[in-house]
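Reviewing the structure listed below.
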Amino acid sequence: MRYCSTRGGAPDRSFRDVLFSGYAPDGGMFMPEFIPTVTAATLRLWSNLSYQQLLCEICSLYISELEIPRQHLQELISEALSSFSIPDVVRLVQLKDSLSILELFHGETLAFKDLAMSCTAQFLRYFLRKDSKRATILVGTSGDTGGSAIRSVFKMSELDIVVVFPRGRVSRVQELQMTTSTADHVHVFAADGTSDDIDVPLRRLFADAELVRRHGLMSLNSVNWSRILVQTAHFLYAFLQLCPAEGDSHPVLEVLVPTGGAGNITAGCITQMMGIPLRLVAMVNANDIVHRTVQSGDFSMTDAVKQTLAPAIDIQDPYNMERVFWLLSGGDGVMVKGLMEEFQTTHTLALPASLHKQVCDVLSSGSVCDDGILEAMRRCWKDNHYLICPHTAVGVWRHYQSPVTPGENRCCIATASPAKFQEAVQQAGLTLDLPESVRALDSLEARYEVLERSDDWESKLRLHIESIGSERRSQKT
């Protein structure tokens, strides 16, 4: 498998190349040059695999054995998932009215990102040790990504990590999971702005080829292809569990996907293109750019990111939609380059009619306000005695608005534990018992630097990255 940029440049890259990259040199995002098809015979073979075994099978389709031999791949994935709190790593819960919940939050930071992040970190470490090299990770986060990235590399001396989060726009647990790390190779910045504001200087830093080369600068956001790859396993696992074969075919599975940066939706679209009969529903909060894109082809930002009860998806620049546009346009890099450069310049874009039709063919969507989030949390508890986080509630709200018809299969992706969002749980009039790992956070000392609104964020981060490199060199001498 080889990789190329969504904007037509940087063809014929290896998995290792894209693993250690942020954005492609032409500003695009890396994608596999083709999507392999999974046959009915293969699905039958995979139907009884554990999540971990299934993930290994999927990764082997996209990672050449010449880069990571299969035995090593199995060992890396096993190590990545060894810290999860349940043996099966993920859990499928059946609720009333034909709703299934796929719990993806049993990792160390209680968020679905632990799955892909921990695997990606192991892949990185494998190559760094092989080459006796180091790298610097630069991550902007709307909430869960930062803490998950830090935990995934916490014991990896080969990696330094710089995390930037929007101050006052994440939950207290999310913030403490980032700011209470004591490791010298972890560097945390709190920015006075939104997650979209943070993306601007980070794109510029990744566009500096010399800076990237000198410091081995790379991303662990879902810009990184490895994150998307691992997330395809969520969809295929849910499908195989809920839609057993009927003769030579499988029934369709509808998946409700809480959507922010659109990484999970991208993984779902890839899974569809692999031949899996999924019906994808992108669910957003009041930051509804993905919903407007599906409904009318209006891929345009509004004036400001709205703060909601589901902060991890408070995003107006869902950068992974570029990957979706590339997939649905048949890999038309020239068209995608033109569209995305227009969007980055004007923050406004009307999709071409043909592309909008393609989007509508594979996605439906919905948008829910804070009142709807609280309503879904309360009803899910009332009907099932099952507590959901506000992001999962964004998906579950759709279920209550559009009940399942007889014979349909529906699953909602549960992206985080409600323990990470105590404020929203309390606002819904509900209670929860906090796990010890969350209770312990309040007793730890916080450590971070502030990026004031008046600061030049790009320059300040650049200087810090340079200082990390200087410290590395001094340790060698």
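The values are calculated or read from the model by the stated rules, or taken from the named source; none is laboratory data. A quick note: this is a predicted structure, and the numbers were derived from the prediction, not measured. Ideal geometry is used to build each Cβ from the backbone, glycine not excepted, and the neighbour counts take in all protein chains shown. Side chains are part of the model used for accessible areas, which takes the heavy atoms of the whole protein and leaves out ligands, DNA and RNA. Shrake-Rupley method; radii C 1.70, N 1.55, O 1.52, S 1.80 Å.
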When the solvent-accessible surface of protein heavy atoms is calculated with a 1.4 angstrom probe, in what order do Cys369, Cys4, Cys389 fall, highest first?
-> Cys369, Cys4, Cys389
Determine the per residue accessible area of the chain with all protein chains present and a 1.4 angstrom probe, expressed in square angstrom.
-> 38 Å²
Added length on full extension, which subtracts the Cα-Cα distance from 0.36 nm per residue, Ser300 to Glu65 | 80.5 nm
Work out from phi, with θ = phi - 60° and the Karplus expression 6.51 cos²θ - 1.76 cosθ + 1.60, the ³J(HN,Hα) of each residue of segment 414-425, listed in order in whole Hz, and give x for Gly and Pro.
-> 8, 8, 7, 6, x, 4, 7, 9, 4, 4, 5, 4
From DSSP H assignment alone, runs of 4+ in the chain each adding -39500 (n - 2.57), the sum over residues rounded to the nearest 500 puts [θ] at 222 nm at -14000 deg cm²/dmol
Going from the alpha-carbon gyration tensor of segment 321-400, what semi-axes, largest first and in whole Å, does one get by taking the root of 5 times each eigenvalue?
-> 36, 14, 10
Filter the GluC sites (Glu not before Pro) in segment 16-115 down to the DSSP loop ones having no more than 14 other Cβ atoms within 10 Å, then list what survives.
-> Glu33, Glu65
Under 1.5 on a/c is rounded, so check that first for segment 63-204, then, if it is not, pick prolate when a/b is larger than b/c and oblate when it is not; a ≥ b ≥ c are the square roots of the alpha carbon gyration tensor eigenvalues.
-> oblate
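For every other residue with a beta carbon closer than 13 angstrom to the beta carbon of Tyr386, add +1 if it is Lys or Arg and -1 if Asp or Glu, then tell me the sum.
Computed value for this residue: +2.
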Mean 1/r over all different Cα pairs, inverted: what Kirkwood radius does segment 354-413 give, in Å?
-> 12.8 Å
Over 24 Å between C-alpha atoms is what I'm after, so list which of Lys337/Lys357; Lys306/Lys460; Lys155/Lys460; Lys133/Lys155 land there.
-> Lys306/Lys460; Lys155/Lys460
What aspartates and glutamates sit close enough to Lys96 to cross-link, taking a C-alpha to C-alpha distance under 17 Å and skipping anything fewer than 8 places away on the same chain?
-> Glu254, Glu375, Asp383, Glu408
Checked against the positive end of the charge dipole of segment 233-351 (+1 on Cβ of Lys and Arg, -1 on Cβ of Asp and Glu, about the Cα centre), the farthest of Leu253, Tyr237, Thr266 is Tyr237
Cα-projected label distance for Ala350 with Asn48, points at 7 Å along beta-carbon direction, nm | 5.6 nm
Across the alpha-carbon set of segment 357-471, Rg over Rh with Rh taken as the Kirkwood radius works out to 1.15
Taking every alpha carbon pair in segment 261-408 and sorting the distances into 5 angstrom bins from 0 up to the bin holding the longest one, the percent per bin comes out as 2, 9, 18, 21, 19, 14, 10, 5, 2, 1, 0
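Quick one: plug the Kirkwood hydrodynamic radius of segment 78-158 (C-alpha pairs) into Stokes-Einstein at 10 °C, 1.306 mPa s, and report D in µm²/s. All intermediate terms of the calculation are to be shown ahead of the outcome.
On the way: Rh = 13.9 Å.
Here the translational diffusion coefficient equals 114 µm²/s.
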Shape call for segment 187-305, from the Cα gyration tensor axes a ≥ b ≥ c (a/c under 1.5 means rounded, otherwise prolate when a/b beats b/c, else oblate), comes out oblate
Gyration tensor (alpha-carbon) shape descriptor, segment 421-477, a/c threshold 1.5 = oblate
How much net charge surrounds Lys96 when only other residues with a Cβ under 14 Å from its Cβ are counted (Lys, Arg +1; Asp, Glu -1)?
-> +1
For the chain, using Cα atoms only, the Rg and Dmax in Å read 21.0, 70
How about Lys130: which aspartates and glutamates have a C-alpha closer than 14 Å to its C-alpha, ignoring those fewer than 8 places off in the same chain?
-> Glu67, Glu158
Largest first, how would Ile68, Ile86 line up by accessible area (1.4 Å probe)?
-> Ile86, Ile68
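Looking at segment 16-101, which trypsin sites (Lys or Arg not before Pro) are DSSP coil and have at most 15 other C-beta atoms within 10 Å of their C-beta?
Numbers: sites: Arg16, Arg44, Arg70, Arg91, Lys96; in loops: Lys96.
In loop regions of segment 16-101 (DSSP not H, G, I, E or B), the sparsely surrounded trypsin sites (Lys or Arg not before Pro) are Lys96.
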So, with a 1.4 angstrom probe, what is the percent of accessible area on the chain that is carbon and sulfur?
-> 49 percent
Applied in sequence order to segment 364-373, the curve 6.51 cos²θ - 1.76 cosθ + 1.60 (Karplus, θ = phi - 60°) yields integer Hz couplings, x standing for Gly and Pro, of 10, 7, x, 10, 9, 8, 4, 4, x, 4
If each part is reduced to its alpha-carbon centroid, segment 46-74 and segment 173-213 end up apart, in Å, by 31 Å
